[in-house]
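Let me begin by presenting the structure, written as structure tokens, before commenting on it.
The values are calculated or read from the model by the stated rules, or taken from the named source; none is laboratory data. This one's a predicted model, so the numbers in the text were calculated from it and none came from an experiment. Neighbour counts are summed over all protein chains in view; Cβ atoms, including those assigned to glycine, are modelled from backbone coordinates with ideal geometry. Surface areas here come from the heavy atoms of the whole protein model, side chains and all, with no ligands, DNA or RNA. Shrake-Rupley method; radii C 1.70, N 1.55, O 1.52, S 1.80 Å.
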Amino acid sequence: MPFRSGFVCILGRPNAGKSTLLNALVGEKLAIISPKPQTTRNRIQGVVHVPKRKGKGGGQIVLVDTPGVHKPDSSLGRKMMVEVREALEGCDLVLVIMDVTRKFDPRDQFALDLLRRPKTKAFLILNKVDLIREKSKLLPLIEQYRKLYDFAEVVPISALKRSGLDTLLEMVIATLPAGPAYFPEDQVTDQPARFMAAEIIREQLLLNTSEEIPYATTVMVENFEEGARLTRIAATIYCEREGQKGILVGKGGLMLKKIGTSARLQIERMLGTKVFLELYVKAEPRWRDSRRFVEELDWRRQLEQRMFERGTPQHSGTEPSAREDRNEDRQEDSKEEPVAHAGRIANGDDDPTKD
Ligand code: GDP
Ligand code: MG
């Protein structure tokens, strides 16, 4: 049997479990998860290395997790849908993932319509079967979907409980063309560490805040200096209004401290170094409607920008941002006292130079 490889896009409505599936298949947390819809804002690649087994040639699956399919009403939403379309382009297989606890509605149709255009090979993945006691209840749902698209396979799984995943992997590999690996064996993602750090901070925002704040916030890592034992990170949390800033900082800075500490511990685990994390909070009115601002959040664009400015190919995602304006802002902030109302918090050892 030949070695097989290809790009496999995970598509579905918000909250179907796409990112949970990506993490479960890769075996590492690459995408942040929350019970809130639209947690994922850009496409995320995760590499699954499938070893050779008896009679099977093994292979490499490049999974691409995408933002949930929805009708956008802001620049951010439109950018998210561009990410979905770009992920669909040129992929070998699409996993259409649906939450079996929800009834089919026009929004599911909207997701399927995206598929039809390139006429891609697709599997229907029925997720969250752990929540359904009578599996026979799935049959009418499968029928309904099958009428709407010619799925090559229908696979029931629980991404959360990791059931049905081996079967799914086998079916995916069997579908992919024979070809060499796209990524070296020790690589699991193309995401730079500094972007993953921003996402980990954003996950804490999603988990610790409610109402409009999760949707009105974003995180930009301004500085990322990785050392052998200590990584210094400075990041700004952007919200849309002064009132939200107050909530994010919290009484006596408690909320920001909580977010910072939880994020720092996770980033330390990811990097395998100690982390000194500084967080700033800023209100940037209507940033979600600003195309320029939304574009600047895109790490792929940030990397291109840096390569362009230096005139040399550069693939490290771990260097300080070259964006002059933002750095100036940060310097302004760092002149402020490190007290909670200034929206700044330092997390980690009091004196990081000691480490
Ligand atoms: P995405 O928006 O499609 O990426 O969805 P997420 O992966 O962020 O998951 C959304 C929510 O569904 C989270 O609270 C997950 O824990 C939950 N979830 C995902 N997969 C399963 C599953 O198989 N079973 C159950 N019970 N919950 C799941
Ligand atoms: Mg997601």
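Of the cross-linked pairs LYS71/LYS119; LYS18/LYS121; LYS29/LYS71; LYS135/LYS161, those separated by over 26 Å at the C-alpha level are LYS29/LYS71.
Here the mean projected area of the convex hull built on the C-alpha positions of region 66-143 is 5.8 nm². From its DSSP helices (H runs of at least four residues, each -39,500 (n - 2.57)), the chain gives a residue-normalised ellipticity at 222 nm of -11500 deg cm²/dmol. Sparse packing (at most 16 other Cβ atoms within 10 Å of the Cβ) combined with a DSSP loop state is found for the following GluC sites (Glu not before Pro) in region 132-185: GLU134, GLU185. In percent, rounded to a whole number, the relative contact order of region 104-193 is 28, using alpha-carbon pairs under 8 Å and six or more apart. In region 1-81, the portion of solvent-accessible area held by carbon and sulfur atoms comes to 54 percent [1.4 Å probe, whole percent, DNA, RNA and ligands not counted].
With all protein chains kept in place, the per residue accessible area of the chain amounts to 49 square angstrom at a probe of 1.4 angstrom.
For region 177-248, carbon and sulfur atoms together expose 52% of the accessible surface, with a 1.4 angstrom probe and every protein chain in place. Mean separation of Cα pairs under 8 Å and 6 or more residues apart, divided by the residue count, gives the chain a relative contact order of 17 percent. Per atom type, region 95-142 shows carbon and sulfur on 56% of its accessible surface, probed at 1.4 Å.
Looking at the square roots a ≥ b ≥ c of the eigenvalues of the Cα gyration tensor of region 227-320, which shape do they give, rounded for a/c under 1.5, prolate if a/b is larger than b/c, or oblate? Taking the square roots of the gyration eigenvalues as a ≥ b ≥ c, region 227-320 is oblate.
Overall shape: oblate for region 108-177, with the ratio a/c of the largest to smallest alpha carbon gyration tensor axis at 1.5 or above and b/c at least equal to a/b. The stretch between LEU131 and GLU304, if pulled fully straight at 0.36 nm per residue, gains 57.9 nm over its current Cα-Cα span. Each listed q (0.23 Å⁻¹) maps to a log10 I(q)/I(0) for region 1-56, found by the Debye formula over equal Cα scatterers with no solvent: -0.93.
Using the Cβ-Cβ distance between GLN109 and GLU268 with R0 = 41 Å, the FRET efficiency computed as 1/(1 + (r/R0)^6) comes to roughly 0.40.
Over every Cα atom in the chain, the radius of gyration and the widest Cα-Cα span, Dmax, amount to 21.3, 65 Å.
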